[in-house]
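The values are calculated or read from the model by the stated rules, or taken from the named source; none is laboratory data. Note that the structure is predicted; figures quoted are calculated from it, not measured. For neighbour counting, all protein chains shown are included, and Cβ atoms are generated from backbone atoms with ideal geometry for every residue, glycine included.
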Amino acid sequence: MVLLDLVKIDLKKWLWIISIPTLLVLLTLGIFQAGEPAGFSAITGTVLLTLTLLPSMLMRLGFFKENPYLRWLVKYRKDLGIISGTWLLSHALISALFFFKRDESILNQLLEPPLQPVWIMIPILALMLITSNKASERKLGRQWRNLHSLVWLLPGLMVYHGNLAIANFEKEDFAPAIIILAVVILVAIYEFIKTRSYKRVLLILIGFITAVVLWTINNPG
Ligand code: HEM
């Protein structure tokens, strides 16, 4: 019963009520170089991005079409998109604050292999966030959809960045966010097989090829 009432919740309002104080705490941890705010912000942002992309894909494929929770998530997909962008950009800021803890120059740290894809990821997220309003939607017309399709470049780059960042900064060897991203990628591939609609899969592929190119440049021979 309690679960069923979930769909009556104004998700937009609660996403902000929960996110703003949490992000402020994470930012404070970043400023004082304490705890592990980088991992938490990255994973939460990835989960929110998945909640933005996955339910619409499942609906289009006809899965769980009548499921009230899925319909509820689809209804709030734009708000989820905005909040996921906010979390991921905050993750970038929070993680970057830890640059000050290290002896290396900030520019050198930004040029390290794990952070090279971030140069592509941050402008994409920022562009999408800036244009996530009715006025931009009206002004850009059809281009608005194309611009927001760029989100599909992110999964491949996030898998690459997440794994290298974990190995490089945290000395661990597996980024849990990959599991969630793998689900999104697999469902997008399945949608392509079923519908032959290739745009999303093509962009995912371009993201992966970019990651492979970066990997090859950093590991010659
Ligand atoms: C200056 C920018 C950035 C810095 C310095 C940075 C740094 C880091 C660090 C240190 C980690 C390891 C966190 C851990 O302890 O688990 C990490 C993980 C990750 N980051 Fe970033 N990041 C940046 C930007 C971004 C952006 C823009 C995105 C998304 C679009 C992103 C997505 C991820 C993901 C998915 C992980 C893996 C999380 C996990 O599975 O634990 N990062 N990043």
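Things worth noting here:
- Single residue of segment 32-51 satisfying the filter (without any contact (Cβ under 8 Å) to a residue 60 or more places away in the chain and touching a helix residue (DSSP H, G or I) at 6+ places or on another chain (Cβ under 7 Å)) that is nearest to L125 (Cα to Cα): G45
- Filter pass, W119 being under 23 Å from L202 (Cβ atoms) and more than 10 Å from the ligand (Cβ to nearest atom): no
- Hey, P220 at pLDDT below 95 and within 15 Å of the chain's Cα centre (by Cα) or not: no
- Within segment 158-201, being of a type in the set (S, T, Y) and surrounded by 13 or more Cβ atoms within 10 Å (Cβ to Cβ) holds for Y160, Y190.
- Residues being more than 15 Å from the chain's Cα centre (by Cα) and either acidic (D, E) or modelled with pLDDT under 95 (or both) - total across segment 166-194: 10
- Selection of first residues in segment 5-31 that are touching a residue at least 40 places away in the same chain (Cβ under 8 Å) and of second residues that are outside any helix (DSSP H, G or I), restricted to Cβ pairs under 7 Å at least 6 apart or on distinct chains, gives the following pairs, ordered by first then second residue: L11/Y76; K12/Y76; L29/G35.
- Filtered residue count, segment 96-108, keeping only those that are near the ligand (Cβ under 8 Å from one of its atoms) and either modelled with pLDDT of 95 or more or of a type in the set (A, V, I, L, M) (or both): 1
- Residue, nearest to the ligand (Cβ to nearest atom), within segment 145-165, restricted to residues that are more than 15 Å from the chain's Cα centre (by Cα) and over 24 Å from F99 (Cβ atoms): L147
Residue by residue, here is whether (1) within 20 Å of G81 (Cβ to Cβ); (2) in contact with a helix residue (DSSP H, G or I) (Cβ under 9 Å, 6 or more places away or on another chain) holds:
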| site | (1), (2) |
| --- | --- |
| R142 | yes, no |
| L153 | yes, yes |
| M158 | yes, yes |
| N163 | no, yes |
| K171 | no, no |
| L186 | no, no |
| N219 | no, yes |
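- Restricting attention to segment 176-200 and to residues that are among the hydrophobic types (A, V, I, L, M, F, W, C) and touching a residue at least 24 places away in the same chain (Cβ under 8 Å), the residue that is nearest to the ligand (Cβ to nearest atom) turns out to be A177.
- Note on segment 122-141: residues that are within 10 Å of the ligand (Cβ to nearest atom) and free of Cβ contacts under 8 Å to residues at least 12 places away in the same chain amount to 1.
- All helices (runs of 4 or more DSSP H) inside segment 1-93 with 1 or more residues being farther than 25 Å from L186 by Cα: 11-31, 37-60
- Scanning segment 68-86 turns up one or more residues that are within 11 Å of the ligand (Cβ to nearest atom), at pLDDT 95 or above and of a type outside the set (K, R).
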